[in-house]
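Read the structure below first, then the notes.
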Amino acid sequence: MLSLSCITYEPSWSPLASLKRVRFGADSREPKSANRMFILGMGFVGNCFGEHLKTQGWDVSGTCTSIVKKKKLEDKGFDAYHFDANEPEWGILDVLKCHTHLLVSIPPFVGIGDPMLQHEELLKNGLMDGNLQWLCYLSSTSAYGNCGGEWVDEDYPASPISELSKLRLAAEERWLNLGSNLGIAAHIFRLGGIYGPGRSAVDTIIKREALSEGQRRRTFRLYTSRIHVEDLCQALQASFCTSSPRKVYNIVDDDPAPREEVFAYAQNLIEKKWPAQITRIPEQEESLATVKKKGFAAEKRVSNARMKKELGVRLLHPSYRTGLKSVIDQMHNPFHHNSRMSGGQRPRRKPRDRRGIGYRLLKVFPRRKWVEKDCLGIAKTVRSCYGILLFSG
């Protein structure tokens, strides 16, 4: 049985005040499964992949950035740990040592880089004698930069443009090196835009959300790579058994379609399923002429041939069409509480009765004179004390 003692210590070179190790005992969960996944960054992908693994009997733990998120994850049956990139609690290393698989889904921060790699030696020493067998770092296809619209594979020279993309590329190499030093299989997944239930063009249109900065940038691209979260999950699980360590994989679908085309299709799906419920938003309708006028901004078409050949992935959603259709088929009517009258107007609420309490009591007891007398007295008393008119008539 695994037992880790509670120890507080402070390495001479560490900027952290103390490192608190986690005790596994009667008051915490012992790993029950031989397969134990730890996910650094339980966001959209981490949640989906964690739930997928739990259905197969895995123990799944992970980190989040707030106490509120931690509570939600625990309610779903995950072992959750609060992790602040600015003030990381390195006692989490003792938890990591107990797991067989590690998925890194934390993006880099400008001025910090990858928060887990700030103290790489501490991380390596902490995991050296652990149970870790597999490591995967989630990166981005933005590592390729502007390729003039060409098809790119994993051997295409990386030339990132933005600061965050450069930090991701640097993190890729360091995570691969860490895996090599630990003697385990380490992979890099360069992802296209991730979508799925609750996070898709369909959801953006229905919620009438303002476009993010990234979405506005992608509006002017002729090609945008994407991947449905279900296909990402199957690619991750397929990599557990691959015999090719230290590999980079592009995780994208077969159709690098422009964002404008994707949103037009999503709009049509919504209008067919729930007619006359939404109006088109000008911000979400950039014309293709404008896109062409802007030219090739970080343009590329990303190949997924290695993913299919080496990981054996058969895409459930090879294009945005099947992916968005799957999303909308799983949705309950989002306009259920927003029904409209035939004239296109929402039904009006009944006007609030602003007359005094005396009037309302008289309606209840119309034939009892004592009510009128008492109500008048109450109303006058309260009016004189507070200056509030409670009786009118």
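Remarks
- Sites residue 151 and residue 240 - FRET efficiency at Förster radius 30 Å, r taken between beta-carbons, to 0.05: 0.60
- By average C-beta atoms within 10 angstrom, highest first, the peptides 103-109, 38-44: 38-44, 103-109
- In terms of distances greater than 22 angstrom between alpha carbons, the cross-link table entries 97/308; 272/325; 76/124; 272/300 yield 97/308; 76/124; 272/300.
- Under 5 Å from the amide H of residue 145 lie the amide H atoms of 159, 161, each residue being 5 or more positions distant or on a separate chain, with H modelled from the backbone and absent for Pro and chain starts.
- The heavy atoms of residue 207 offer some 110 square angstrom of accessible surface to a 1.4 angstrom probe.
- Area of residue 82 that stays accessible when all protein chains are in place (1.4 Å probe, Å², to 10): 80 Å²
- Charge dipole (debye, nearest 20) of the range 104-254; +1 at Cβ of Lys and Arg, -1 at Cβ of Asp and Glu: 440 debye
- Accessible surface area normalised per residue over the range 219-271 is 32 Å², counting heavy atoms of protein chains with a 1.4 Å rolling probe.
- Listed values for the range 306-312 are Karplus-derived 3J(HN,Hα) couplings in whole Hz (6.51 cos²θ - 1.76 cosθ + 1.60, θ = phi - 60°), namely 5, 4, 6, 6, 8, 9, x, and x replaces Gly and Pro.
- Residue 233 - accessible surface, heavy atoms, 1.4 Å probe, Å² rounded to 10: 10 Å²
- Summing Lys and Arg as +1 and Asp and Glu as -1 over all other residues whose Cβ lies under 14 Å from the Cβ of residue 228 gives a net charge of -2.
- Between amide H atoms placed 1.01 Å from N, distances below 5 Å from residue 247 occur with 186, 188, all of them 5 or more places distant or on a separate chain.
- Neighbours of residue 174 by Cβ distance under 15 Å: Lys/Arg scored +1, Asp/Glu scored -1, total -1.
- Summarising the amide proton neighbourhood of residue 139: residues at separation of 5 or more, or on other chains, whose placed amide H is nearer than 5 Å comprise 189, 190, 191.
- Three principal axis extents describe the C-alpha atoms of the range 34-104; from largest down they are 34, 24, 17 Å.
- The shape of the range 146-189 comes out oblate: with a ≥ b ≥ c from the C-alpha gyration tensor, a/c is at least 1.5 while a/b does not beat b/c.
- Where 75, 84, 231 fall by accessible area, highest first, once all protein chains stay in place (1.4 Å): 75, 84, 231
The values are calculated or read from the model by the stated rules, or taken from the named source; none is laboratory data. Here the structure is a predicted model, which means the values were calculated and not measured. Here the Cβ is made from the backbone with ideal geometry for all residues, glycine too, and neighbour counts use every protein chain on show. For the accessible areas, the whole protein counts, side chains as well, though only heavy atoms, and no ligand, DNA or RNA atoms are used. Shrake-Rupley method; radii C 1.70, N 1.55, O 1.52, S 1.80 Å.
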